[in-house]
């Protein structure tokens, strides 16, 4: 009898958790649909020239190229961010303050703790220590803001990293390009309050990445190059395994397209070394003990 009662208790607990998760995902879908309707309504009010210049959620960038090395394209520009910003602000809180990049894309949001108003300003029964609920809320907000942020299909956001406690949560997404993390930049960080309200959002998302090389070297070959860059020795000693990534070269001007390289990241004797994955040249060498 005791075993039967325990079994029934477990089944009941699983059913409750399943119902809770189902409710969370249904709410996320409802919010996404509402944002799409708002955006479509606002775009329909714009003049024809402005209307055609505003990318819809998930639309490819203007002239963007995800895989063709050496191919340059003009940077994407958000012509009328206000038409997308107002519906978002009305849904998630009138107190939200936005800062935009020169290209018109969202750079940051600042909010405050507590209910900021708006039908989606808070999240019902939100628990910031619940990673599943936090992830769902964060994905809902990011998808709603995808056009504002200029998220491009060739550079999606990877799986989130979630940290939370009883009063707040932080979610970080890393931009991916050709299935590799983008660096430097490429981060989207979202801070949520105890009720799921937006406290802050900070984006260093990289738009319109143009790749200038191919990945030719293996991780082992690149590690040898990294070791040589620091020790001038062919004997590889104390070199941690490398991380493949898309390395973004520093731009002279913000309006220029982002130039990316297939690369490997290594730590060699306290130095951060970025190795070109095609020819083994050193893209960056920095003493981490001084930073």
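Within segment 178-194, the set of residues being touching a residue at least 12 places away in the same chain (Cβ under 8 Å) and over 25 Å from residue 111 (Cβ atoms) comprises 178, 180, 181, 182, 183, 184. Of the residues making up segment 274-291, those that are farther than 13 Å from residue 213 by Cβ and over 24 Å from the mean Cα position of the chain (by Cα) are 282, 285, 286, 287, 288, 289, 290, 291. The single residue among 104, 114 that is assigned to a loop (DSSP other than H, G, I, E, B) and over 22 Å from the mean Cα position of the chain (by Cα) turns out to be 114. For segment 125-152, the set of residues classified as part of a helix (DSSP H, G or I) and under 26 Å from residue 77 (Cα atoms) consists of 138, 139, 140, 141, 142, 143, 144, 146, 147, 148, 149, listed by residue number.
Kindly indicate whether any position in segment 153-164 is surrounded by 18 or more Cβ atoms within 10 Å (Cβ to Cβ) and assigned to a helix (DSSP H, G or I). No, there is no match, as no residue in segment 153-164 is surrounded by 18 or more Cβ atoms within 10 Å (Cβ to Cβ) and assigned to a helix (DSSP H, G or I). Just one of (1) outside the structural domain of residue 280 (by TED's automatic domain parsing); (2) in a loop (DSSP other than H, G, I, E, B); (3) closer than 13 Å to residue 263 by Cβ fails for residue 182. It is (2).
One residue stands out among those in segment 195-220 that are touching a residue at least 40 places away in the same chain (Cβ under 8 Å) and out of contact with any strand residue (DSSP E or B) (no Cβ under 9 Å at 6 or more places or on another chain): the one that is surrounded by the most Cβ atoms within 10 Å (Cβ to Cβ), which is 197. Can we say residue 200 is outside any strand (DSSP E or B) and out of contact with any helix residue (DSSP H, G or I) (no Cβ under 8 Å at 6 or more places or on another chain)? It is false that residue 200 is outside any strand (DSSP E or B) and out of contact with any helix residue (DSSP H, G or I) (no Cβ under 8 Å at 6 or more places or on another chain).
Within segment 270-289, residues that are assigned to a strand (DSSP E or B) sit with their Cβ atoms under 6 Å from residues that are surrounded by fewer than 14 Cβ atoms within 10 Å (Cβ to Cβ), at 6+ positions apart or across chains, in these pairs: 271/287; 272/286; 272/288.
Would it be correct to say that residue 150 is on the phi > 0 side of the Ramachandran plot and in contact with a helix residue (DSSP H, G or I) (Cβ under 7 Å, 6 or more places away or on another chain)? Full working, then the answer.
Working: on the phi > 0 side of the Ramachandran plot: yes; in contact with a helix residue (DSSP H, G or I) (Cβ under 7 Å, 6 or more places away or on another chain): no.
For residue 150, the condition - on the phi > 0 side of the Ramachandran plot and in contact with a helix residue (DSSP H, G or I) (Cβ under 7 Å, 6 or more places away or on another chain) - is not met.
Going by the conditions given, is residue 143 modelled with pLDDT of 95 or more and either surrounded by fewer than 19 Cβ atoms within 10 Å (Cβ to Cβ) or not assigned by TED's automatic domain parsing to the domain that holds residue 256 (or both)? Criteria met by residue 143. Restricting segment 203-227 to residues that are touching a helix residue (DSSP H, G or I) at 6+ places or on another chain (Cβ under 9 Å) and in a loop (DSSP other than H, G, I, E, B), the residue that is nearest to residue 106 (Cα to Cα) is 205.
As for segment 248-268, it holds at least one residue that is modelled with pLDDT of 90 or more and part of a loop (DSSP other than H, G, I, E, B).
The values are calculated or read from the model by the stated rules, or taken from the named source; none is laboratory data. Note that the structure is a prediction, hence the values are computed from the model and not measured. Neighbour counts are summed over all protein chains in view; Cβ atoms, including those assigned to glycine, are modelled from backbone coordinates with ideal geometry.
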